[in-house]
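One structure is given here, and the rest of the page talks about it.
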Amino acid sequence: MKAPALVLPTLVSFAERNGYKMKRALSLLLVATMLLMLCACGGGVSSNATAPAENSSNSLMPDNGDEAPNFSGREIVFGVWGGSFADACLQAYVEPFEKLTGATVTIEEYGPDVTAKVIAQKEQGVKGFDVISGCGVTDQMANMAKRGALLKLDYSKMPNSDYVEAKYDYCVGQYILSILIAWNTDVYGEDPPDTMAKYFDTENYPGNRADCAFGNNGRLEQILLANGESIDSIYPVDTEQAYKLLDECQYRENVAVWWDSASTIRQILADGEVDCGIFWGGSVLEAIMSDGLDNIALSHDYAALVTDGMAITATCRDPELAYAFVDYCLSAEAEAKWSELKYYAPTNPQAYNYIDPEMLPYFTTYGENGKTAFYCDVDYLIENNERDTEQWLLYIGG
């Protein structure tokens, strides 16, 4: 599935026209941090799935016949989310890159304050993160770029970016996350709610459901698509009609758990607390592959796709090293390792040539899996995020 091209100046200029203030954005982070993080690439939608390239040739370093550069004695600081995210970054990116080049890449964990920290680096002239990862393209990256806190990327210095479609002026797509249906096979047997139409048919497919607590994550689009709207005309979203349809099927009344984290998703699936729901695909895959839940299945029908990115900060102490490191992270093998560890889909489709075949059917962007999936529209999301978040919180609050 092709991610439509979009550059960050589009997002930044919108922010400037509308007086987008950091104080306002940071206050919203507490209630919608993960929603904002996930709103990612796409200025439209596509119905064509991305198939893995045959005879992949891109490697951990550019396939140009040269030896890996020697960065011995040189160091950058890599900003990441904590927990398993940091562990995956260490194993997939940092350790092999250090071994290959002799560089030192120091991981430093951050929290929801990452945007403020990176902007403070620039405005106060202090060193901090050199490369940051896992940040939302439409909110965190756009805010940092607007304040001059990110380096405008020179893609000629990152040959592996040729394989990545999610490229922006100030960040590059790191991984893709799918928001999709999953269900307990013990409950539904051979007739599960495996399409959006069935999922929102709470009368014929009853059961406790689960959904996101802090944002709709493409849900309004999904219920409209389930009721006959076409992907090509889904934006701008008819929010009034979407909420009317949710009310008609008594969706809120059938949601037993409003989840707020990956760990919550895995826990409620393991406990059997819900029968079906809409979840982050990576969390469902982790529940199946890592937690051993063989009674959980998923569907890619009208899955919503979003992308998080990597960027080099304006205060980076060694841009040459930073470019080499980000390029390494975009390679097929590195992305494959990341996907196997963190269960998110790669932005470099050639990575599918290196991923455990047992995992491939679970990725929406693999082969024909994503024929009805859609990328969330970046421009629409940034323009309407505050309104949409407030409406969703009011809706789930009853």
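When you look at residue 184, is it open to solvent by less than 30 Å² (accessible area, probe 1.4 Å), within 20 Å of residue 136 (Cβ to Cβ) and of a type outside the set (Lys, Arg), yes or no?
Working: open to solvent by less than 30 Å² (accessible area, probe 1.4 Å): yes; within 20 Å of residue 136 (Cβ to Cβ): no; of a type outside the set (Lys, Arg): yes.
When the stated conditions are applied, residue 184 does not pass them.
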- Within the stretch 337-359, track down each residue that is open to solvent by 20 Å² or more (accessible area, probe 1.4 Å) and out of contact with any Asp or Glu (no Cβ under 7 Å at 6 or more places or on another chain). 337, 341, 342, 344, 349, 353, 357, 358
- Those residues of the stretch 284-296 which are within 21 Å of the chain's Cα centre (by Cα) and either surrounded by 22 or more Cβ atoms within 10 Å (Cβ to Cβ) or of a type outside the set (S, T, N, Q) (or both), in sequence order: 284, 285, 286, 287, 288, 289
- Of the residues 163, 188, 155, which is in contact with a Leu (Cβ under 9 Å, 6 or more places away or on another chain) and among the aromatic types (Phe, Trp, Tyr)? 163
- Query: Condition test on residue 321, is it open to solvent by less than 20 Å² (accessible area, probe 1.4 Å) and either out of contact with any strand residue (DSSP E or B) (no Cβ under 9 Å at 6 or more places or on another chain) or hydrophobic (A, V, I, L, M, F, W, C) (or both)?
  - Reply: yes
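Kindly provide the set of residues from the stretch 223-237 that are assigned to a loop (DSSP other than H, G, I, E, B) and free of Cβ contacts under 8 Å to residues at least 40 places away in the same chain, ordered by number. First the steps, then the outcome.
Within the stretch 223-237, the subset assigned to a loop (DSSP other than H, G, I, E, B) is 227-230, 234-237.
Residues satisfying the conditions are 227, 228, 229, 230.
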- Message: Within the stretch 93-113, does at least one residue satisfy the condition of being closer than 21 Å to residue 282 by Cβ, at pLDDT below 95 and either assigned to a helix (DSSP H, G or I) or open to solvent by less than 10 Å² (accessible area, probe 1.4 Å) (or both)?
- Response: no
- Note on the structure: the stretch 249-358: strands (runs of 3 or more DSSP E) wholly inside it with 2 or more residues that are closer than 18 Å to residue 84 by Cβ and either at pLDDT 95 or above or not polar (S, T, N, Q) (or both) are 276-280, 296-312
- Just wondering, is there one or more residues in the stretch 187-200 that are assigned to a loop (DSSP other than H, G, I, E, B), open to solvent by 70 Å² or more (accessible area, probe 1.4 Å) and touching a residue at least 24 places away in the same chain (Cβ under 8 Å)? no
- Query: For the stretch 222-235, what are the residues that are open to solvent by 90 Å² or more (accessible area, probe 1.4 Å) and more than 15 Å from residue 304 (Cα to Cα)?
  - Reply: 227
- Message: Just to verify a result, which residue in the stretch 151-165, among those that are open to solvent by 10 Å² or more (accessible area, probe 1.4 Å) and not charged (D, E, K, R), is nearest to residue 328 (Cα to Cα)?
- Response: 159
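Go through the stretch 136-186 and give me each residue that's part of a helix (DSSP H, G or I) and farther than 18 Å from residue 117 by Cα. Step through it out loud before you land on a result.
In the first step, residues of the stretch 136-186 are kept if they are part of a helix (DSSP H, G or I); the result is 137-146, 155-157, 159-163, 185-186.
Answer for the stretch 136-186, where residues must be part of a helix (DSSP H, G or I) and farther than 18 Å from residue 117 by Cα: 155, 156, 157, 159, 160, 161, 162, 163, 185, 186.
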- For residue 277, are the conditions met, namely being closer than 15 Å to residue 342 by Cα and either crowded, with 20+ Cβ neighbours inside 10 Å or of a type in the set (Val, Ile, Thr) (or both)? no
- Would you point out which residue out of 203, 240 is at pLDDT 95 or above and assigned to a loop (DSSP other than H, G, I, E, B)? 203
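Just to be sure I understand, how many residues within the stretch 364-390 are part of a helix (DSSP H, G or I) and not acidic (Asp, Glu)? Can you show your working first?
The first filter runs over the stretch 364-390 and keeps only residues part of a helix (DSSP H, G or I), leaving 378-390.
Still in the running and not acidic (Asp, Glu): 378, 380-382, 384-385, 387, 389.
Counting residues in the stretch 364-390 that are part of a helix (DSSP H, G or I) and not acidic (Asp, Glu) gives 8.
The values are calculated or read from the model by the stated rules, or taken from the named source; none is laboratory data. Just so it is clear, the structure is predicted and the values come from calculations on it, not from any experiment. Positions of Cβ are backbone-derived with ideal geometry, glycine not excepted, and every protein chain shown enters the neighbour counts. Calculation scope for accessible area: heavy atoms of the full protein, side chains included, ligands and nucleic acids excluded. Shrake-Rupley method; radii C 1.70, N 1.55, O 1.52, S 1.80 Å.
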